[in-house]
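Single-structure report; data block below.
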Amino acid sequence: MQGSGLHHSFLFVGPENVGKQVIARSLADRIVNDDMFGELQLCNQIDSDVDIIMPEKIEKKKKIITKDISVEAITDVIHSMSLAPDKKARVLIIDDAHKMTFAAQNALLKTLEEPRNDRYIILITHNTNRLLQTIQSRCFVVRFGTINADELCSVYGESEYVNDISGRPGFLHRIHSDKEFRDTVEYARHELQTLAQKKVYERLNLALELSKKDDVYLQTFFQVWIHRIRAAAHKTKKFQLIKVADKVEQMLNRMNSTNVNKQLILEDLLINIV
């Protein structure tokens with residue numbers, strides 16, 4: 001491993017649900033097993049020499065809150081990384097690395113500045129704006145993108161969900177493996193397709209219903225809308241629809257970043273969207 005010339009730290013950058021964590025786990029498995037030239041395998045189990053850290057999700061007042069990754073969490077995992085590996089190396093994966101606090105990023109930076117030959121770090125993010133430039137500059141950047149519908153169908157076969165996922169294989173995999181997630185996607189699609197025919201009171205009822213859901217549900221529900229509206233815009237060349245998708249995305253961002261009245265913001269969206 002020492003002579004392989006492998007960079008000590010990686011930064012996986014790209015949209016959510018395009019497979020960054022899957023590839024990170026597979027790469028980590030190959031590193032700790034000193035099998036860099038073997039066939040890439042999808043890993044269902046985590047090796048003892050691989051540490052994965054990600055933001056903690058907690059429920060507070062019926063709302064799912066994603067906590068930042070604290071400096072304590074980073075220092076604890078760095079200590080774990082200092083232990084001798086069971087195999088050839090130790091690997092740390094930090095998912096949603098942009099959720100590290102400023103103090104946590106500075107704690108990690110010290111490790112990145114003094115790398116060891118048998119220690120590797122993989123950072124995963126869809127938002128580099130919240131990562132220190134000094135961290136980014138010390139990583140080998142790997143960029144991920146979405147996959148077009150034809151390529152997805154060639155891998156997964158024809159799927160009725162292609163327009164629900166906007167080229168993100170992670171979404172498609174979860175749709176096929178998680179019934180609750182699939183039910184949410186199908187309901188979101190139905191509500192979008194019938195929205196134009198809904199009367200005002202029906203839209204208000206939908207807003208009330210959705211306001212009682214947690215943030216994770218709403219994220220899934222409205223991501224389907226965003227993906228399908230953008231797909232329709234490109235298919236029909238009605239590019240004004242992109243503004244509609246942007247409005248839905250802005251609503252989600254407001255809901256996630258500010259303490260807004262969920263029902264009111266949903267009512268505003270559903271009454272004025274079409």
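Results for (1) at pLDDT 90 or above; (2) among the charged types (D, E, K, R), shown as yes or no for each residue.
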| site | (1), (2) |
| --- | --- |
| ALA188 | yes, no |
| LEU192 | yes, no |
| GLN197 | yes, no |
| GLU202 | yes, yes |
| ASN205 | yes, no |
| LEU208 | yes, no |
| ASP215 | no, yes |
| ILE229 | yes, no |
Only unsatisfied item for ASP164, checking (1) charged (D, E, K, R); (2) surrounded by fewer than 18 Cβ atoms within 10 Å (Cβ to Cβ); (3) within 20 Å of PHE221 (Cα to Cα), is (2)
Per the filter on the range 248-271, residues touching a residue at least 24 places away in the same chain (Cβ under 8 Å) and among the polar types (S, T, N, Q) are ASN256, GLN263
Taking the range 122-147 and keeping residues of a type in the set (A, V, I, L, M, F, W, C) and under 15 Å from ASN106 (Cα atoms) leaves LEU123, LEU131, LEU132, ILE135, CYS139
Exception for THR125 within (1) buried (at least 20 other Cβ atoms within 10 Å of the Cβ); (2) within 19 Å of ARG25 (Cα to Cα); (3) of a type outside the set (Phe, Trp, Tyr); (4) outside the structural domain of ILE74 (by TED's automatic domain parsing) falls at (4)
Considering residues that are under 19 Å from the mean Cα position of the chain (by Cα) and not in a strand (DSSP E or B), the number found within the range 99-130 is 7
Expected output for the range 83-96 (first residue outside the structural domain of LEU6 (by TED's automatic domain parsing) and of a type outside the set (D, E, K, R), partner buried (at least 20 other Cβ atoms within 10 Å of the Cβ) and at pLDDT 90 or above, Cβ below 6 Å, 6+ apart or cross-chain) is none
Residue hits (the range 184-224; surrounded by fewer than 18 Cβ atoms within 10 Å (Cβ to Cβ) and among the aromatic types (Phe, Trp, Tyr)) are TYR187, TYR201, TYR217
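The values are calculated or read from the model by the stated rules, or taken from the named source; none is laboratory data. Keep in mind that this is a model prediction, so the values were computed, not measured. Neighbour counts are summed over all protein chains in view; Cβ atoms, including those assigned to glycine, are modelled from backbone coordinates with ideal geometry.
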